[in-house]
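A.B. asks: One structure follows; several queries about it will come next.
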Number of protein chains: 2
Amino acid sequence: MSATMADVAREAGVSASTVSRTFSLPETVRADTRERVLAVARRLDFSPNRTASSLARGRTGALGLLVPDIANPYFGEIVKSVQRRARTADRALFLTETGDAHDEAYGLAKAMARQTDGLLLAGPRMPEDMLRSLAAAGPVALIGLHVPQTDCAYAELPVGMRQAVRHLAALGHRRIVYVNGTRTARTAGFRRLMRAACDEFRVELVEHLGPFDLTYDNGRAAADLVPTSGATAVIAHNDMVAHGVAGGLARQGRSVPGDFSLITVDDTYLARAIHPALTAVHVPIDAMGAHGVDLLLARIADPQGPPRLVALPTALTVRESTGRAPAP
Amino acid sequence: MSATMADVAREAGVSASTVSRTFSLPETVRADTRERVLAVARRLDFSPNRTASSLARGRTGALGLLVPDIANPYFGEIVKSVQRRARTADRALFLTETGDAHDEAYGLAKAMARQTDGLLLAGPRMPEDMLRSLAAAGPVALIGLHVPQTDCAYAELPVGMRQAVRHLAALGHRRIVYVNGTRTARTAGFRRLMRAACDEFRVELVEHLGPFDLTYDNGRAAADLVPTSGATAVIAHNDMVAHGVAGGLARQGRSVPGDFSLITVDDTYLARAIHPALTAVHVPIDAMGAHGVDLLLARIADPQGPPRLVALPTALTVRESTGRAPAP
DNA sequence: GTGAAAGCGCTAACAA
DNA sequence: TTGTTAGCGCTTTCAC
C-alpha cells in the first residue's frame, strides 16, 4: 500500500537505517542527506508505520484512559483534559468506559495495559488491592483519588469543604443535609470531612446515605427528603446530584436560595448551567487530568522512582444558590 | 518481560504456529493439544502481543473516533455508545478531540488513520471535500451527518422538526425564534427545514443567526434577544444552547412556558435535567453511535461495497417547557 | 555519518 | 492436524 522505509531508502540512495534515523534521531544524520531523505519521503507520501515501530521499540506510544462513565460531565471534562495533554506529549489515547463492576473494570484495565505504555484510571470504583495489583503490573496513575504508594493527582477537598460549611454557618444555617453517594472511593473520607467541618462551625449534620448512585434522578429523589429533615441547606456530593436536587426542589415549588441553600462539589459547567447558578466547591478537573498524564509519563520514564502525589487546591465559589437561612 | 509464543510452544512441546492458531483459530487445532497449550499459557500468564499481531496481520484491530468537543453532552453520549459497541465487537477505541479548526481536524484524522483500521467522525466540522478525501484514503463512517456517497448514520430531522412546529402552532404560537448555530454541517439543511415547516403551519419564523457557537453562554446571550423579537416560542439548535436560553430567560424573570415556550433539539440528559424539563426533538444518539460502528466495520470488511446511509427516526417528546401562547 | 545484519513477536502460506 | 519458513516494517547494535 503505502511506502516503506525501504522504498524511501532505495529512492534516496541510502540505507534503511538512515531513513529510520532521519525520523527518530534527525540530529544524528548529516543535514544534506537528511534533506534528501525527507524530500523523497514527502514525494512518496511516506510516514513511518507506528505498529512496526512499536514492535521494534517495545513500546506503543499510546496511553490508556479508563473512566466509569463517559457521559458524566465530571469524567467528560477529565477525558477532555487528559486527551489534550496526551496530544501535546504526542501520545495517542485509548479510551475505555468501565462501568461500576469491579472485576470487569479490572479485566478491561488488564487488557488495555497490553496495548499501551501506561494506564490512567479516573475515579476508579475499584478496591485498593486491585489498584495496587494493576500498578504493580505496569505504569499506572490515578486521577481524582488518593491511594497511598501510588501516583495520583487529586483534589484536596478539606479546604473547600470547610469553606462551604463555614459559608453556610455564616449565613445562619444551623442544620444541613449532606447528599452522599455510595460506592465511590472518596465517600468515606468525605463523610469524615463533613463531620469535622460541621463540628467546627457548630452546624448539625444530617446525612442522606440512601443507595444513591450519583445520578440526576437520585438527586431528585433526595430532594423529596430535604423538607422533612429540618435542614435549611444542602451539600451535594457532585454536580449531577446537585442538579437533581435543584430540579426536585423546583418541582416542589421550593425556592433556592429562598427556602433552601444548595452547594455542589466538583463545579463542572453544569454548576453554572442552571438557574440559579450553583455555589460550588471548585475542583480543578483540568489540572487533575493534566497532572495525571504527567505523572504517568514520569512513571513510564522511570518505573522505579518513588510514588508521587499531586494535591490540587479546592476552593468555594459563591454563586446564587446560597443565601441567608429563612427565619424559623 | 512477558512470555512469548515461542516460550509457550517450547513448554507445550508444539510449534509456535500451533500456539498462534490456538489463539486465533482455535477450531483448527485438535482439542487436546489446544488444552495443553492453553494450560501452559495460563501457567506462564501469556497473552498474545497485539502489536506483533497487528504488524503481521496488517491491521491494528482498533478504531479511531474523532469528536469536536468531548465535554459537550451530545458528543459525550456518542462517545459512550460508540465505545460500547466497539467493545462488543472486540475493538479498541482511539479517541481524539478535534476542536473546530478544519485543517487541524484533518491532520488529526490523517494521523489517526495510520494507527487504526478505520475512522469514525462524529459531527465533523469539515468541508465535504475534506471528508471525501479522508474517506478515499481509508475506511470512514460519519455519525450525525449526511454526506452523499459516504457511509453515515444520521438522524432524520424533518419529521421531528415538523412535529415541533406543528406542536407550537397548535398551542397558538404565531411567531417563533430559531436559535441556530454557525459552522456546523447541519446548519444549512436545518434552516431550510425550519422554513418549510413554518410555512406549512403558517408560523412566522425569526432567525437568530448571530455568530453562535453552540454553547451555553451563547444560548444565554440569545435569550436577551428573544423578548424584543415579538416571538412567543423558541426552538434551539441543541441542548447546550437551549439550556442557555432557559437560563437567560429565567434570569430575566420570564417564565417558561408561561411567557415563552422552548423546544430543544437532540434531547441529551440535559433536556430532562433542568426545570422545567424541556420539550425536545429527540435524536437517537445511542443508535447513531452503534450504527456508525457497524457501518465502519462493514466498510473495513468490504472496502469496495456501495456506500450505505442509515437514517434514524426523530420524534417530538413533549415535556414541560411548551404551553399555550400568552394572550397578546 | 552511514550501512549491514539481526531481531521485535506474531501470522500465513505451504509442506508434510 | 501440525511444523517449517519467510516475512510484516522498523530499530539498533556494531562495524566501517
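The values are calculated or read from the model by the stated rules, or taken from the named source; none is laboratory data. Everything quoted here is computed from the prediction, not taken from an experiment. Ideal geometry is used to build each Cβ from the backbone, glycine not excepted, and the neighbour counts take in all protein chains shown.
A.B. asks: Return only the number of the condition from (1) more than 16 Å from DNA strand D (Cβ to nearest atom); (2) under 25 Å from B:Arg59 (Cβ atoms); (3) of a type in the set (Val, Ile, Thr) that A:Thr88 does not satisfy.
C.D. replies: Unmet condition: (2).
A.B. asks: Could you list, in sequence order, all residues of the stretch B:62-97 that are hydroxyl-bearing (Ser, Thr, Tyr) and under 24 Å from B:Ala242 (Cβ atoms)?
C.D. replies: Listed by number, the residues that qualify are B:Tyr74, B:Ser81.
A.B. asks: Keeping to the stretch B:44-85, report how many residues are within 16 Å of DNA strand D (Cβ to nearest atom) and without any contact (Cβ under 8 Å) to a residue 40 or more places away in the chain.
C.D. replies: 9
A.B. asks: Follow-up. With respect to A:Glu77, is the statement that it is within 13 Å of DNA strand C (Cβ to nearest atom) and either assigned to a helix (DSSP H, G or I) or within 14 Å of chain B (Cβ to nearest Cβ) (or both) true? Quick ask: steps written out before the conclusion?
C.D. replies: On the way: within 13 Å of DNA strand C (Cβ to nearest atom): no; either assigned to a helix (DSSP H, G or I) or within 14 Å of chain B (Cβ to nearest Cβ) (or both): yes.
When the stated conditions are applied, A:Glu77 does not pass them.
A.B. asks: Follow-up question, since we're still on this one. Exactly one of these conditions fails for A:Ala188: (1) outside any helix (DSSP H, G or I); (2) at pLDDT below 90. Give me its number.
C.D. replies: A:Ala188 satisfies every listed condition except (1).
A.B. asks: Restricting to the stretch A:82-101, name every residue that is assigned to a helix (DSSP H, G or I), surrounded by 15 or more Cβ atoms within 10 Å (Cβ to Cβ), more than 9 Å from every other protein chain (Cβ to nearest Cβ) and of a type outside the set (D, E, K, R).
C.D. replies: Initial filter on the stretch A:82-101 (assigned to a helix (DSSP H, G or I)): A:82-88.
Then drop every residue that is not surrounded by 15 or more Cβ atoms within 10 Å (Cβ to Cβ), which leaves A:82-87.
Among the residues that remain, those that are also more than 9 Å from every other protein chain (Cβ to nearest Cβ) are: A:82, A:85-86.
Once the filter is applied, which keeps residues that are assigned to a helix (DSSP H, G or I), surrounded by 15 or more Cβ atoms within 10 Å (Cβ to Cβ), more than 9 Å from every other protein chain (Cβ to nearest Cβ) and of a type outside the set (D, E, K, R), the stretch A:82-101 yields A:Val82, A:Ala86.
A.B. asks: Of all the residues that make up the stretch A:228-282, how many are surrounded by fewer than 21 Cβ atoms within 10 Å (Cβ to Cβ), of a type in the set (Gly, Ala, Ser) and within 13 Å of chain B (Cβ to nearest Cβ)?
C.D. replies: 4
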